[in-house]
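The values are calculated or read from the model by the stated rules, or taken from the named source; none is laboratory data. This is a predicted model, so every value here is computed, not measured. Backbone-built Cβ (ideal geometry, glycine too); neighbour counts: all protein chains shown. Surface areas here come from the heavy atoms of the whole protein model, side chains and all, with no ligands, DNA or RNA. Shrake-Rupley method; radii C 1.70, N 1.55, O 1.52, S 1.80 Å.
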Amino acid sequence: MRIAIIGTGYVGLVTGACFAQAGHRVTCVDVDQPKINLLNKGKMPIYEPGLSELITKGRQQKALDFSSDARAVAASTEAVFLAVGTPSSGQDGSADLTNLYEAIREIALQDGCLVVIKSTVPVGTGEEVQRLIERLRPELDFDVASNPEFLRAGCAIQDFKMPDRVVIGADSERALDALSGLYCAMGIEPTRVVATQRRAAELIKYAANGFLATKIAFINEIADLCEKVDARVGDVALGIGLDCRIGRQFLNAGPGFGGSCFPKDARALAKAGAEHGTPMRIIEAVLASNETRKRSIAAKIRAASGGDLQGKTIALLGLTFKAGTDDMREAPSIDLVQALVEHGAIVHAYDPVGIERAKPLLPECVRYHRTALDAASGAAAAVIVTEWDEFRHLDLARLKRRMAAPLLIDLKNMLSAEQVTGRGFKYCAIGNGTSPTRDHAFKVWSKPRATAYRTGEGTGRRSSISLNSKVVAAE
């Protein structure tokens with residue numbers, strides 16, 4: 001099948017590269033000519049593991065190319081996937097559909113074409129798109145379907161090829177058959193295809209991200225409670241996560257959620273509820289909780305550092321909103337850096353892939369480094385902000401020698417307290433209790449691990465499982 005992908009952002013490039021690998025002839029289109037030139041030279045505008053290699057292979061096999069001429073490309077394709085950005089508009093959280101409607105006006109479709117909305121859009125957008133095309137081309141025979149993406153930054157290619165589900169919202173059998181056939185031909189089981197009405201498909205994406213954001217905000221508040229009642233959030237998260245009704249994913253306490261999806265989609269969901277007279281009170285609370293969370297982290301770092309950050313060097317290890325991506329959109333590090341600077345700290349920073357994207361978003365006074373050890377040189381505290389795997393393997397002896405004070409603050413609960421304190425560090429983690437004798441909001445792990453029991457499958461025997469919080473939290 002000849003496929004056009006409109007938009008060469010994160011979703012568009014992954015979708016195009018994976019369809020090309022599956023044997024289709026794909027052209028990715030963008031109005032950003034410099035970006036198209038970059039892609040045609042074999043260079044990547046974003047970081048996503050495995051994507052560069054996949055795009056290179058597609059180009060070599062002449063299954064994938066890039067163009068800025070949307071009209072010409074769409075005129076010769078059987079399916080057009082719209083994967084343009086739909087950012088938040090202003091302060092009310094509504095989705096800005098300018099890019100989407102401009103793309104529709106630009107493309108020239110052929111009879112029988114399938115228009116697939118991959119972008120995250122408000123409920124009813126599919127109908128608006130259909131009406132717009134009908135006004136522009138009243139004689140055209142076409143279908144419009146909703147096919148929201150559920151790609152996780154850092155493992156997007158795997159998510160596309162082996163999805164939990166493929167949601168298809170279509171109001172015609174022709175559109176449903178064409179789109180489901182496209183995915184099933186890639187080896188995706190038909191049982192993973194969720195066929196529904198177009199409006200439901202549009203809402204599924206917002207509801208999914210709203211629910212996941214809720215889990216993160218919930219466990220972060222539980223972490224705050226743990227610090228007050230002398231409990232470990234890792235044990236609590238595992239204890240509730242083993243309940244199949246709850247699940248373990250997205251129960252990792254940290255500095256708050258960010259990225260291109262959760263904050264934007266939660267705001268859009270709250271806006272949709274308000275517009276239709278059904279306030280999303282839970283989502284509104286989640287958004288407020290997350291903003292409070294991001295602002296509170298700097299205060300906790302200040303407390304762990306003795307109550308004063310004026311003139312102290314704080315080394316931030318990781319800047320992107322999560323590991324495996326260079327995406328800095330609404331990353332917790334942005335608020336954290338601003339707050340640290342306001343408290344008088346001198347901020348040094350290191351990130352394996354995100355520094356160039358971080359620079360325009362962070363204060364000019366931030367000093368960037370090529371390694372974690374360089375960033376921590378002379379620092380009064382080193383703070384793990386993003387769960388990059390290399391931070392699990394820090395040379396703690398060298399790190400201690402380079403720092404002005406041996407304080408390691410782990411906002412992702414990645415490390416072993418015993419290992420870190422054994423190297424002479426003061427180790428502070430998220431949600432690990434407090435006591436009256438402590439003068440800060442974090443606590444070094446010192447108590448025995450909790451132990452749970454389960455019945456062995458088919459044996460009737462009980463086997464013990466160590467509830468090691470550091471391992472669970474690093475999942």
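See the values below:
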read-out: Rounded to 5, percent antiparallel among DSSP beta bridges of the chain; value: 20 percent
read-out: Neighbourhood charge, 13 Å Cβ-Cβ cut-off, centred on Gly126 and excluding it, Lys, Arg +1 and Asp, Glu -1; value: -1
read-out: Those aspartates and glutamates that a straight Cα-Cα span of less than 18 Å connects to Lys43, excepting residues fewer than 8 apart in one chain; value: Asp30, Asp32, Glu53, Asp65, Asp326, Asp327, Glu356
read-out: Accessible surface of Cys155 - all protein chains present, 1.4 Å probe, nearest 10 Å²; value: 40 Å²
read-out: Charge tally in the Cβ shell below 13 Å around Val341, where Lys, Arg are +1 and Asp, Glu are -1, Val341 excluded; value: 0
read-out: Given charges at Cβ of Lys, Arg, Asp, Glu: the chain dipole, positive-most of Pro360, Ala381, Asn147; value: Ala381
read-out: Spin-label pair Leu225/Lys57, simplified geometry with 7 Å Cα→Cβ offset, distance in nm; value: 4.7 nm
read-out: Scattering curve values for region 243-293, log₁₀ I(q)/I(0), Debye with Cα scatterers, q = 0.22, 0.23, 0.32 Å⁻¹; value: -0.89, -0.93, -1.15
read-out: Where only C-alpha atoms are counted, convex hull volume of region 206-253 per residue in Å³; value: 58 Å³
read-out: Whole-number percent relative contact order across region 197-268, with pairs defined as alpha carbons under 8 Å at least 6 apart; value: 43 percent
read-out: Cα-derived Rg over Rh, computed across region 283-355 with Rh taken as Kirkwood radius; value: 1.00
read-out: Heavy-atom accessible area ranking, 1.4 Å probe, most first, across His276, His369; value: His276, His369
read-out: Per-residue [θ]222 nm for the chain (sum of -39500 (n - 2.57) over DSSP H runs n ≥ 4, rounded to 500); value: -12000 deg cm²/dmol
read-out: Within the chain: Cβ-based charge dipole about Cα centre, in debye rounded to nearest 20 (Lys, Arg +1; Asp, Glu -1); value: 1800 debye
read-out: Rounded to 5, percent antiparallel among DSSP beta bridges of region 1-147; value: 10 percent
read-out: Debye intensity ratio I(q)/I(0), log10, region 180-244, q values 0.17, 0.30 Å⁻¹ (C-alpha model); value: -0.77, -1.17
read-out: Protection proxy ranking, peptides 288-297, 80-89, average beta carbon neighbours within 10 Å, highest first; value: 80-89, 288-297
read-out: Bins of 5 Å from zero: percent of alpha-carbon pairs in region 203-343; value: 2, 10, 16, 19, 19, 17, 10, 5, 2, 1, 0
read-out: Additional length obtainable on full extension of the chain from Gln310 to Arg71, 0.36 nm per residue less Cα span; value: 80.4 nm
read-out: Accessible-area composition of the chain, carbon plus sulfur, in percent [1.4 Å probe]; value: 51 percent
read-out: Peptides ranked, highest mean first, by Cβ atoms within 10 Å: ranges 187-199, 116-128, 317-329; value: 317-329, 116-128, 187-199
read-out: Kirkwood Rh (inverse of mean 1/r, distinct Cα pairs), the chain, angstrom; value: 24.1 Å
read-out: Inter-label distance, nm, simple model (7 Å from Cα along the C-beta direction), Arg401/Phe211; value: 5.2 nm
read-out: Under-5 Å amide H pairs with Leu64, H placed in peptide plane, nonlocal only; value: Val26, Arg59
read-out: Cut-off 15 Å, label 7 Å out along Cα→Cβ of Ala299, residues of region 398-435 by amide N; value: none
read-out: Residue (of Ser172, Ser68, Ile104) at the positive-pole extreme of the chain, dipole from beta-carbon charges; value: Ser68
read-out: Region 104-118 - phi-based ³J(HN,Hα) in whole Hz, Karplus 6.51/-1.76/1.60, Gly and Pro as x; value: 4, 5, 7, 7, 10, 9, 9, 4, x, 6, 9, 9, 10, 8, 8
read-out: Across Lys118/Lys271; Lys57/Lys294; Lys57/Lys322; Lys57/Lys215, pairs whose alpha-carbon gap is larger than 29 Å; value: Lys57/Lys294; Lys57/Lys215
read-out: Accessible area per residue in Å² at 1.4 Å probe, computed on region 1-126; value: 39 Å²
read-out: Sequence-distant aspartates and glutamates (8 or more away, or on other chains) whose Cα lies within less than 19 Å of Lys400; value: Asp374, Glu390, Asp410, Glu418
read-out: Degrees between helix 198-229 axis and first principal axis of the chain (Cα, 0 to 90, nearest 10); value: 0 degrees
